[in-house]
Amino acid sequence: MPLNRVICSSDYDKAIEYLKALLPFKVIEYTSSEEHNGWVIPPKWDLKVARIMRGSQLVYDGMRHPLAVIALSASFRGRVDREELKKHLHYDHRYDDSIPFHFRQLFRSWQRDWGFCVPRKLYDALPDGEFDVVIEADESPRILRMLELTHEGAFGETIVLGANLDHPGVANDGMAGVVVGMELFRRLAPRKTKFTYKLVLSQGIIGSEYYLGKQRREERAHLMEGVFLEMLGSDTQLALQASREGRSNIEDSISQALHERNASFRTGPFESIILNDEYIWEAYGVPMASLSRFPYPEYHSEHDDLSIIHEANLLEAVSILERAIEILEEAPLISKKFEGNVCLSNPRYDLYVDPGQVAFGKSVSQEQQRLRRLMDLIPTLTRSVTTRTLARQVQLPEEQVRAYLARWAEKGLVEMW
């Protein structure tokens, strides 16, 4: 039986302990008293008994799969008629033989009902009459737990790789990203890197909110950018979704790695492919791209199991991310050291790029126009950026971008690592 990894549960804790034995994760915990931005940690919830009976006949076994009872269901014991029972049954509108993931109550623990997730064919075939329903769950004080693994680099600037460790009983949604992230960090372990890398395994949405919101602002300042790893085991096409502004170094490096590997993939702007924890990270000023194989047919259903996971697809994702990190590590990193706009025509700097003056018949080449765009882009930088990413944005050879930025570094306007 797959683990019932709801946000706070004994099965989720089992997953934590299992993964800690594989890699030196740090466990981060938040208690029930720590409400944040209106988010409330749900109680620890362990389902013990769940069934629907009609007389002596078992109509439905709620213990058959972790999705068979709605997440965080209220306990209930009683006799109901068919119409009342149907108000508490939820089915997958895509398939007749599958049950869906009912997750809303995990984020609204103040408003709970009891219920089951059943196949549609069972829902449609329910006979008239009365049914005896039992749902019993143990509940205890809530503790939100997540895992963090840090690969220390020469600098504090940190690239985050995130994945969801919760999602009861499913394989691709969450766990596939966890496996890819762990294998990547296993390969990173012996290497010396320029950047620091963090693997953060948390509960969907609420975990990222607590992880970021409870950090001190000074700690968060080192979180440069990241990529969320999602649903990477299914036999569906890779998808690289951009961060909100589409300008992060890691997404640029992943894009290059995908092309180098001749991978089959598609790209899309922020929230055009998937909507998950990325928007939480972006709200805290951390650009967050995503690498996934979404959509896939079995999403949020009991059919999301090990049978749809392909090891070759997981390893392809690891290989692409590993190459992306190599690319990221190769390029110099630029950090701005001034505010506002410097008078670059001042002889002290001599960095001005003339855009031409049409009224006086002076036009410039496309190359010079692009160099001017680079000049205007530098004062707008809010985070460190690689020369490769800047070169892509202004469509100039990286060597030319490096040479121009080296002159800025000589004048003390940027730091170049």
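Miscellaneous remarks
- Counting 0.36 nm for each residue step from PHE107 to GLU339 and taking away their Cα separation leaves a gain of 79.4 nm.
- Heavy-atom accessible area per residue - the range 211-312, 1.4 Å, Å²: 42 Å²
- This model, with +1 at the C-beta of Lys and Arg and -1 at the C-beta of Asp and Glu, gives the chain a dipole about its Cα centre of some 1060 debye.
- Rounded to the nearest 5, the antiparallel percentage of DSSP beta bridges internal to the range 1-134 is 90%.
- Measuring between alpha carbons in the structure, the pairs from LYS198/LYS337; LYS194/LYS336; LYS44/LYS87; LYS14/LYS86; LYS14/LYS121 lying more than 28 angstrom apart are LYS14/LYS86; LYS14/LYS121.
- What the phi angles of the range 336-348 give under the Karplus curve with 6.51, -1.76 and 1.60, with θ = phi - 60°, is a coupling list of 6, 10, 9, 10, x, 10, 7, 6, 6, 7, 4, x, 4 Hz, glycine and proline written as x.
- ASP61-ARG191 pseudo-label distance in nm [points 7 Å out on the Cα-to-Cβ vector]: 4.7 nm
- Accessible surface of the range 92-165, 1.4 Å probe, proportion on carbon and sulfur as whole %: 46 percent
- Applying 1/(1 + (r/R0)^6) with R0 = 60 Å to the Cβ-Cβ distance of LYS411 and ALA74 gives a FRET efficiency near 0.35.
- As a fraction of the 1.4 Å probe accessible area of the range 312-374, surface on carbon and sulfur atoms comes out at 47 percent.
- Of the peptides 175-188, 145-158, the ranking by mean beta-carbon count within 10 Å, highest at the top, reads 175-188, 145-158.
- Once the Cα-Cα distance is subtracted from the 0.36 nm per residue extended length, the PHE360 to LYS20 segment shows a gain of 115.5 nm.
- Computed over protein heavy atoms with a 1.4 Å probe, the carbon and sulfur contribution to the accessible area of the range 206-264 reaches 40%.
- Using the Cβ-Cβ distance between GLU218 and ASP138 with R0 set to 35 Å, the FRET efficiency from 1/(1 + (r/R0)^6) comes to roughly 0.30.
- Distance between the pseudo-spin-label points of GLU130 and GLU152 (7 Å out from Cα toward the beta carbon): 6.8 nm.
- The antiparallel fraction among DSSP beta bridges confined to the chain stands at about 65%.
- Nearby aspartates and glutamates by direct alpha-carbon distance to LYS26 (threshold 14 angstrom, same-chain neighbours under 8 apart not counted): ASP13, GLU17, GLU148, GLU152
The values are calculated or read from the model by the stated rules, or taken from the named source; none is laboratory data. What you see is a predicted model, and the numbers here were worked out from it, not measured in a lab. As a convention, Cβ positions derive from the backbone with ideal geometry for all residues, glycine included, and neighbour counts pool all protein chains shown. To get the accessible areas, we keep the full protein, side chains included, count just its heavy atoms, and leave off ligands, DNA and RNA. Shrake-Rupley method; radii C 1.70, N 1.55, O 1.52, S 1.80 Å.
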